[in-house]
Each structure stands twice: as C-alpha cells, then as structure tokens.
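The values are calculated or read from the model by the stated rules, or taken from the named source; none is laboratory data. Only a predicted model underlies this, so the values are computations on that prediction, with no experimental measurement involved. No Cβ is skipped: glycine too gets one built from the backbone with ideal geometry, and neighbour counts run over all protein chains shown.
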Amino acid sequence: MKKFILIIITSIFSFYILVEFIGDRLVKNILEDNISSSLDRKVSIKKLNIDYLSGKANAEEIELMNKHFEGYMIKIENIKVILDTFSIFSNDVIINSVLLNDIKVNYYFNFKDQKILDNLRSLEKDLRDKSSYSKSNKFFNIQNLNAKNISLSVLSPELDIEKSFALNNMNFKNIGNTSQSKNYKDVLKEVFIDTVEKIKEKVSIEDILNNFNVDEIENKVKDKVKDKLKKLIN
C-alpha cells in the first residue's frame with residue numbers, strides 16, 4: 001500500500017514538473033507564433049512562467065519587431081496575467097486580468113520622396129486591410145487590461161532625431177476575439193490613432209523637418225547611400 005501511494009505521489013509530482021517546464025515552453029511558442037501571424041510582425045517573449053495551480057502567469061521582455069524599420073516597435077518589460085488555467089488547453093481562453101508594465105514604444109519615421117514614412121501607420125494599415133491572419137483556432141477574452149508606465153520615443157536615425165516623452169496609463173475591458181469581446185484589432189487601431197495624435201501634440205514632424213536645411217538632409221541621405229555602396233563593393 002505504501003509503495004502504491006509512493007508511486008501515485010511520484011507520478012503526480014513528475015506530471016507537475018512536466019507541465020511546469022514543457023507546458024510553459026509550449027504556451028510560449030504558441031503565443032509567439034499566433035501573435036506574430038496576427039500582426040504580421042515577429043513577436044518574441046524572453047521568459048514565460050505559468051503557475052498552473054493559481055492560474056497566474058508572468059512574462060518578461062516581450063518585443064514586437066518593426067517590419068520596415070530596424071529594431072522593435074514595442075517592448076514590454078513585464079506582463080502579469082491572471083487566467084483560468086484549464087482554459088489554456090481549450091479553444092476559449094479566459095483571462096481575468098492583464099497588467100502591462102514598463103512599456104517602450106518606438107515611433108520610427110523617415111522622409112523619402114517628399115513623404116513621411118513611419119512604422120505605426122504601416123501596422124495600422126495592415127490591420128485595416130486585414131492582411132494579417134491567425135494560424136490558431138483559439139479564442140480569448142481579456143476581462144480587464146491595464147497598461148502602465150508607457151514611454152514613447154520619436155526616432156529618425158536618417159535625420160539624427162530622437163525625442164522621448166511619457167504617455168498616460170491605459171485601461172481596456174472585455175477585449176479579445178470572441179463574439180462577446182470587443183475586437184482586439186479594433187482596440188489596437190484606436191490606440192494607434194490616439195498615439196499618433198499624442199505625437200502631433202508633442203512633436204511636429206513638419207516643424208522638425210523645417211528646422212533642417214533641405215540640402216543638408218539630401219547630403220545626409222546621399223552619404224548613407226554612398227556608405228552602403230562602399231560596403232557592398234568591399
């Protein structure tokens with residue numbers, strides 16, 4: 001009898017360890033893959049830890065990479081989640097609350113052919129045109145989402161421009177991709193529009209460009225092109 005109980009305890013413990021290590025890795029890969037395909041941009045998660053008993057999860061250093069610019073568009077240092085653990089393995093994932101903390105948003109722009117090209121509007125356009133897709137048949141609903149400590153950097157490496165400022169905390173309720181949720185893509189669009197408006201309030205790209213001599217800007221671009229050509233030749 002003691003041997004039987006020992007076997008049961010050992011089996012339960014082994015299963016728990018298996019779920020903790022393999023389950024976290026599996027969920028992490030699924031999240032990276034599905035969010036990347038949904039936004040049509042690479043998403044990476046450095047670390048994910050799920051407490052399957054309490055239904056709490058913690059993720060660190062989540063990055064949404066740019067598509068047409070170098071580096072990342074958004075980096076979140078820490079995400080804390082409280083969810084229905086068993087729903088992870090079903091088609092409907094129920095998430096009670098999400099806290100996004102220490103968020104860095106990089107707004108990249110470039111001036112080319114008398115037009116301003118940037119990374120935020122390119123993502124907004126992809127979502128609007130529905131060019132993104134999801135490989136998963138899973139649905140999710142986030143009942144409450146808070147985003148805190150948000151900083152925005154306006155960057156143009158080509159023109160040597162860099163300016164940073166803080167954004168207000170954000171709160172969203174009942175978002176996801178279920179029939180009862182407010183579509184998360186629509187929420188993203190609203191956030192992008194609001195962010196662009198904040199950028200206009202804080203930094204006028206046209207004013208910045210007006211502060212530069214046109215010939216100086218052209219020479220900078222030409223120098224960049226020359227350097228790239230030299231590297232290719234050598």
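Observations, loosely collected:
- Residues of the stretch 147-173 satisfying the condition of being farther than 16 Å from V105 by Cα and surrounded by 14 or more Cβ atoms within 10 Å (Cβ to Cβ): E158, L159, F172
- The residue that is nearest to D118 (Cα to Cα), among those in the stretch 151-177 that are among the polar types (S, T, N, Q) and part of a strand (DSSP E or B), is S156.
- Of the listed requirements (1) at pLDDT below 85; (2) among the charged types (D, E, K, R); (3) buried (at least 17 other Cβ atoms within 10 Å of the Cβ), K75 misses just one: (1).
- Scanning the stretch 26-43 for residues that are under 18 Å from M73 (Cβ atoms), free of Cβ contacts under 8 Å to residues at least 24 places away in the same chain and surrounded by fewer than 16 Cβ atoms within 10 Å (Cβ to Cβ) gives a single hit, K42.
- Only listed residue being under 16 Å from T195 (Cβ atoms) and without any contact (Cβ under 8 Å) to a residue 40 or more places away in the chain, chosen from I62, I76: I76
- Take the conditions (1) farther than 25 Å from D194 by Cα; (2) in contact with an Asp or Glu (Cβ under 9 Å, 6 or more places away or on another chain); (3) buried (at least 18 other Cβ atoms within 10 Å of the Cβ); N96 misses just one of them, which is (3).
- Restricted to the stretch 178-199, and to residues there that are part of a loop (DSSP other than H, G, I, E, B) and touching a residue at least 40 places away in the same chain (Cβ under 8 Å), the residue that is surrounded by the most Cβ atoms within 10 Å (Cβ to Cβ) is S181.
- The stretch 82-125: number of residues that are modelled with pLDDT of 90 or more and closer than 23 Å to N168 by Cβ: 10
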